[in-house]
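Working notes, structure below.
The values are calculated or read from the model by the stated rules, or taken from the named source; none is laboratory data. Here the structure is a predicted model, which means the values were calculated and not measured. Cβ sites come from the backbone with ideal geometry, for glycine too, and all protein chains shown count toward neighbours. The protein model used for the area step is the full one, side chains on, heavy atoms only, and it has no ligands, DNA or RNA in it. Shrake-Rupley method; radii C 1.70, N 1.55, O 1.52, S 1.80 Å.
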Amino acid sequence: MTLVDRYAVFGHPIKHSKSPRIHRLFAEQTGQTLEYSAQEVPAEQFQSSVAAFFAEGGKGLNCTVPLKELAWNYADSKTERAQFSKAVNTLALQADGSILGDNTDGIGLVTDLLNNHAIPLLGMRILILGAGGASRGIIGPIIEQSPQTLVIANRTADKASQLADEFHRQGPITGYGYETLENKQFDLILNATSASLSGQLPPLPAGLLASGGNCYDLAYGNEPTAFVRWGLENHAAKSLDGLGMLVEQAAEAFFIWRGVRPKTQPVIELLNSERQS
Ligand code: NDP
């Protein structure tokens, strides 16, 4: 009997996850034989569920809200980008039986911006809204692209300044509350808050987006998010949501597990066409 390699995404809630669909499309496209399922795993069951998954022959896991920090703690070793972000979204079984943790969210976002949308980061004034797990994951890969400045703005101002302090050795980063955004301008505004999930918008002053600037919401849905709509109302050259990032971070995880890089464009196009129909 041939055993099929098993992968899964753990999260809570997980019912609406697109990851199984995306990984099955990647597998089909690259001729890989594998299984990928979604499993509802609350935080208190994380440790035992991951241990059982790998003990039963699982090869790799994605971890999403609220499990990324727990996955960071679980991993035996971590890539440099995961080390800095203190959050892991990809666990991979290694040849020696140990578990490697990586964070592919940031590289997924940067790939979507640069390759799929031709939005440059080099020399740009970039603003990230939110100082939670998603923010942590994207700061390092964004700084690597040498922006002119990177600002983190957050409802709880202390969290933004603490996060900026953690990364300050890597580049020109500062963090503060929304009130300090008054009279400032940015070429790219990234919404990494979870406000969109409840149809809300952080308090953003008029004139925040520079002429010709772009907006990107890490959240995504079948309808434009509140922040994507804000971008359009504020004359963004492009106002995008995070579907492309989702597919790109999945492609990076697939590459870590299988050593094969799937084409992302056809998968993004398919998922986009489905939400438009
Ligand atoms: P966290 O819960 O870790 O952080 C949430 C952040 O949002 C905090 O900074 C919080 O501020 C802020 N926030 C929440 N509600 C509001 C509000 N009403 N107004 C202003 N700020 C608010 O969430 P994550 O960082 O894990 O996720 C953030 C978003 O990124 C989610 O929408 C998620 O879906 C998306 N995401 C998308 C990915 C993709 O592949 N496209 C990958 C990963 C995440 P405070 O600190 O003050 O509480």
Residue among ILE22, ILE14 that alone is assigned to a helix (DSSP H, G or I) and touching a residue at least 24 places away in the same chain (Cβ under 8 Å): ILE22
Failed condition for PRO203, given (1) at pLDDT 95 or above; (2) open to solvent by less than 70 Å² (accessible area, probe 1.4 Å): (2)
Candidate set: the range 250-259, residues that are on the phi < 0 side of the Ramachandran plot and open to solvent by 20 Å² or more (accessible area, probe 1.4 Å); chosen: the one farthest from the ligand (Cβ to nearest atom): ARG258
Among residues of the range 179-219, those that are within 13 Å of the ligand (Cβ to nearest atom) and either under 16 Å from the mean Cα position of the chain (by Cα) or under 14 Å from LEU113 (Cβ atoms) (or both), counted: 12
Options ALA52, ALA43: the member that is surrounded by fewer than 18 Cβ atoms within 10 Å (Cβ to Cβ), farther than 23 Å from PRO202 by Cα and touching a Pro at 6+ places or on another chain (Cβ under 7 Å): ALA43
Of the criteria (1) among the small types (Gly, Ala, Ser); (2) part of a loop (DSSP other than H, G, I, E, B); (3) farther than 30 Å from THR264 by Cβ, which one GLY221 fails: (3)
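Rundown of residues vs (1) surrounded by fewer than 21 Cβ atoms within 10 Å (Cβ to Cβ); (2) in contact with a helix residue (DSSP H, G or I) (Cβ under 7 Å, 6 or more places away or on another chain), yes/no style:
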residue: VAL151; (1), (2): no, no
residue: GLN162; (1), (2): yes, no
residue: GLY171; (1), (2): yes, yes
residue: ALA192; (1), (2): no, yes
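What helices (runs of 4 or more DSSP H), lying completely within the range 225-277, carry at least 2 residues that are in contact (Cβ under 8 Å) with a residue 60 or more places away in the chain?
243-258, 265-276
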Output for the range 220-245, where each listed residue is near the ligand (Cβ under 10 Å from one of its atoms), under 16 Å from the mean Cα position of the chain (by Cα) and at pLDDT 95 or above: ASP241, GLY242, LEU243, GLY244, MET245
Complete set of residues in the range 1-40 that are of a type in the set (D, E, K, R), within 15 Å of GLN249 (Cβ to Cβ) and buried (at least 17 other Cβ atoms within 10 Å of the Cβ): LYS18
Unique match (being modelled with pLDDT of 95 or more and out of contact with any strand residue (DSSP E or B) (no Cβ under 7 Å at 6 or more places or on another chain)) among LEU70, LEU34, LEU91: LEU70
